[in-house]
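S.K.: Dropping the structure in here first, questions after.
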Amino acid sequence: MSPTPALTPRPPRAVAIIPARMSSTRLPGKVLADRTGMPLVQHVVEAASRARTIERVAVATDDERVAAALAPFGTTVVMTSPDHPNGTSRLAEAATRLDLPAESLVANVQGDEPEIDPEVIDAAVEALASSNATVSTVATPFAPDQDPRDPNLVKVVRALDGSAMYFSRSLIPFDRDGRGGADAAPLRHVGIYVYRRSFLEIYVDLPSTPAERCESLEQLRILQHGYRIAVAVKESSHHGIDTPEQYEAFVARWAARTGR
């Protein structure tokens with residue numbers, strides 16, 4: 001009698017919701033920039049769909065132009081209120097409109113990151129599924145050409161259990177005597193989050209906190225109210241699109257990859 005083959009564990013499953021707004025200071029309407037033949041946000045949809053932990057992808061928007069542009073691709077679009085103060089609030093409304101169960105895991109994928117690595121999404125989903133935290137995110141080692149002192153690059157310090165201790169625009173941890181070693185090297189925060197659906201309802205009612213206002217970092221609201229954020233460490237080099245120059249560079253990379 002042949003031995004019973006070992007079962008491969010089924011990966012945790014999550015729903016990816018991509019908030020997409022038309023307003024942008026440096027590149028208005030960037031989510032619909034389409035020099036590649038498809039809107040920028042559709043590139044994000046396709047990247048998220050390739051993550052093995054994602055079973056469903058939807059775009060959350062308050063603009064009918066986004067819905068119209070994505071209709072030819074068959075992308076699920078959820079229309080939300082134009083009055084949300086941040087992307088997480090929009091995510092919560094979209095999760096409600098999608099009627100997601102309380103136990104669902106919901107990945108918030110930024111609508112201007114067309115080159116996000118699906119494995120980064122998987123790392124965030126798996127970090128939350130394997131912990132008792134309410135939220136998860138990703139950190140990555142700094143690249144040689146990145147300056148950890150740059151306030152535009154957010155840093156995170158993890159506790160020994162892998163949860164976040166603090167996020168800052170300042171250099172943390174500060175290795176005063178040079179004795180920290182490799183384990184104390186700064187980690188750059190990668191702005192993807194996965195939430196437990198039940199926590200999204202709590203989050204939208206949490207008041208802002210002093211640390212959040214001081215650093216202008218929304219995730220500090222979660223920490224300062226006493227909730228845990230699990231942090232997966234994963235190599236990540238993708239960047240969001242914020243300027244015309246960055247979009248042009250993306251189009252060039254896309255053309256080189258696809259030969260178009």
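Computed from the coordinates by the stated procedures, all read-outs in this text should not be read as laboratory data. All values derive from a computational prediction rather than experimental measurement. Cβ: placed from backbone, ideal geometry, glycine included. Neighbour counts: every protein chain shown.
S.K.: Can you tell me the relative contact order of the chain? Whole percent, Cα pairs under 8 Å, sequence separation 6 or more.
M.R.: The value is 22 percent.
S.K.: Let me ask another. Excluding Ser237 itself, what net charge comes from residues whose Cβ is under 10 Å from its Cβ, given Lys and Arg +1 and Asp and Glu -1?
M.R.: Charge balance in the 10 Å sphere: -3.
S.K.: Any idea what the relative contact order of region 97-164 is, in percent, if you count C-alpha pairs under 8 Å spaced at least 6 apart?
M.R.: Over region 97-164, the number comes to 18 percent.
S.K.: Moving on to the next point. Take the alpha carbon gyration tensor of region 173-260, find the square roots of its eigenvalues, order them as a ≥ b ≥ c, and report rounded if a/c is under 1.5; if not, report prolate when a/b exceeds b/c, else oblate.
M.R.: It comes out oblate by the Cα gyration axes.
S.K.: For the chain, what does -39500 (n - 2.57) per DSSP helix run (n ≥ 4), summed and divided by total residues, give at 222 nm, in deg cm²/dmol to the nearest 500?
M.R.: Helix contribution divided over all residues of the chain: -8000 deg cm²/dmol.
S.K.: Also: I need the phi-derived Karplus couplings for region 107-113: 6.51 cos²θ - 1.76 cosθ + 1.60, θ = phi - 60°, integer Hz, Gly and Pro marked x.
M.R.: Karplus-based 3J(HN,Hα) across region 107-113 equals 8, 9, 9, 5, x, 10, 10 Hz.
S.K.: Going by amide H atoms built from the backbone, whose H comes under 5 Å of the H on Val190, apart from near neighbours?
M.R.: Val138, Ala139, Thr140
S.K.: Beyond 23 Å, what share of the Cα-Cα pairs of region 40-195 remains, rounded to the nearest whole percent?
M.R.: Working: 5444 of 12090 pairs.
Counting every Cα pair in region 40-195, those more than 23 Å apart make up 45 percent.
S.K.: Count the DSSP beta bridges whose two residues both fall in the chain, then state the antiparallel fraction as a percent rounded to the nearest 5.
M.R.: 50
S.K.: Two decimals, Cα atoms only, Kirkwood Rh: what is Rg/Rh over region 119-235?
M.R.: 0.96
S.K.: Whole angstrom only: what separates the Cα centroid of region 231-260 from the Cα centroid of region 74-99?
M.R.: 25
S.K.: Roughly how big is region 1-141's charge dipole about its Cα centre, with Cβ charges of +1 (Lys, Arg) and -1 (Asp, Glu), in debye to the nearest 20?
M.R.: The calculated dipole for region 1-141 is roughly 100 debye.
S.K.: Further question: Quick one: net charge around His189, please, counting Lys, Arg +1 and Asp, Glu -1 for every other residue with C-beta under 13 Å from its C-beta.
M.R.: Overall, the nearby charge balance is +2.
S.K.: Which cross-chain or sequence-distant (5 or more) residues have an amide H under 5 Å from the amide H of Val77, H modelled 1.01 Å from N in plane?
M.R.: Val59
S.K.: Here is a further query. Name the residues whose placed amide hydrogens come within less than 5 Å of the amide hydrogen of Ser163, ignoring near sequence neighbours (fewer than 5 apart) on the same chain.
M.R.: Here Val231 satisfy the definition.
S.K.: With viscosity set to 1.567 mPa s at 4 °C, what whole-number translational diffusion coefficient in µm²/s follows for the chain from Stokes-Einstein and a Kirkwood radius over Cα pairs?
M.R.: On the way: Rh = 19.4 Å.
Once the numbers are plugged in, D ends up at 67 µm²/s.
S.K.: Using each residue's phi in region 32-46, evaluate 6.51 cos²θ - 1.76 cosθ + 1.60 at θ = phi - 60° and report the 3J(HN,Hα) Karplus result to the nearest Hz, with x for Gly and Pro.
M.R.: Here the 3J(HN,Hα) series is 9, 4, 9, 5, 8, x, 8, x, 3, 5, 5, 4, 5, 4, 5 Hz.
S.K.: What's the exposure ranking of Arg253, Arg188, Arg56, going from fewest to most Cβ atoms within 10 Å?
M.R.: The most exposed by this proxy come first: Arg253, Arg56, Arg188.
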